[in-house]
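Asker: After the structure tokens below, expect a handful of questions from me.
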Amino acid sequence: MDYYILITILITAIVQSIFGTGVLLFGTPLLLILGYNFQYALIILLPTSILISFFQLKNNLNKIDIQFYKRLLLFSIPLIILFLYLTNLNSIKINLFVGIFLVVVSIKENILSINRLIKFLIKYESLYLMIMGMIHGITNLGGALLSAIVFSKNLSKDSKRTTIAICYLTFALFQIITLIIAFNDNSFLNIFNFVYWILGPVTFFTVEKYLYFRIDGRKYIKYSNFFLFVLGLMLIIKN
């Protein structure tokens with residue numbers, strides 16, 4: 001049991017339990033900084049993310065934006081599968097890709113040209129979803145773009161979280177299936193990883209009961225952008 005992984009999952013699971021994303025978005029760069037490779041990060045984080053998303057969906061299926069979810073299945077999922085396969089097939093410097101992407105995402109609210117580009121792409125949802133699929137397949141960080149487009153929609157707080165949860169769960173399921181079938185990676189069946197995975201749902205139930213309704217979304221965005229910027233710089237420097 002690695003206590004650094006446990007702490008990483010605990011912190012990121014708290015964030016995902018509140019906002020729908022977090023385990024992959026923050027967990028991936030944290031584990032890369034700690035020295036774990038990209039494939040191992042996926043093995044640890046994907047099941048954790050799936051379990052949290054599953055419990056977020058329970059009793060909330062009627063709050064999903066079904067039309068958006070159908071478009072995501074059509075435009076994002078095939079590209080996630082393709083680019084995850086290509087990334088694992090070739091020796092790509094994932095740390096550098098992840099670092100650059102995190103820096104760009106973290107400053108998007110402050111750099112007008114980046115902010116305008118994202119808002120422009122959101123208007124062309126099909127193209128946006130395709131780009132998101134490619135980025136998630138390569139970096140495991142499509143959650144940043146997923147949050148941006150869902151939060152731009154006129155949905156309730158619960159509907160936004162539930163829609164993000166079903167999308168994130170679908171991302172993770174297809175990533176796991178791709179790794180198992182294409183690369184014969186059976187590491188997901190390793191019982192020793194179970195303690196990491198189960199921490200996600202335990203954290204979710206605790207947060208759901210005591211924290212969810214007390215969180216200020218605007219402060220979260222401000223602090224998370226700073227955190228992503230620091231993580232991105234650390235990965236670029238480490239590379």
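Asker: Round to a whole angstrom and tell me the spacing of the C-alpha centers of the stretch 123-174 and the stretch 1-55.
Answerer: A separation of 17 Å, based on Cα centres.
Asker: Please label the shape of the stretch 92-214 as rounded, prolate or oblate, based on the square roots a ≥ b ≥ c of the eigenvalues of the alpha-carbon gyration tensor (a/c under 1.5 means rounded; beyond that, a/b larger than b/c means prolate, else oblate).
Answerer: Oblate, since a/c reaches 1.5 and b/c is not below a/b.
Asker: Per 0.36 nm of contour for each residue apart, how much would the distance between residue 67 and residue 37 grow if the chain were fully extended, relative to their Cα-Cα spacing?
Answerer: Roughly 7.2 nm would be gained on extension.
Asker: At a Förster distance of 22 Å, what's the computed FRET efficiency of residue 134 paired with residue 182, Cβ-Cβ distance as r, to 0.05?
Answerer: 0.80
Asker: Could I ask something else about it? Under the rule a/c < 1.5 gives rounded, and otherwise a/b versus b/c splits prolate from oblate, where does the chain land using the Cα gyration tensor?
Answerer: Taking the square roots of the gyration eigenvalues as a ≥ b ≥ c, the chain is rounded.
Asker: Arrange the peptides 115-127, 168-180, 38-50, 224-236 so that the one whose residues have, on average, the most other Cβ atoms within 10 Å appears first.
Answerer: Going by the mean number of other Cβ atoms within 10 Å, highest first, we get 38-50, 168-180, 224-236, 115-127.
Asker: As a check on your grasp of the helix formula, calculate [θ] at 222 nm for the chain: sum -39500 (n - 2.57) over DSSP H runs of n ≥ 4, divide by the residue count, round to the nearest 500.
Answerer: About -25500 deg cm²/dmol.
No value in this document is a laboratory result; all are computed from the given coordinates. Computed from a predicted structure; not experimentally measured. Counting neighbours? That spans all protein chains shown, and the Cβs are built from the backbone with ideal geometry, glycine included.
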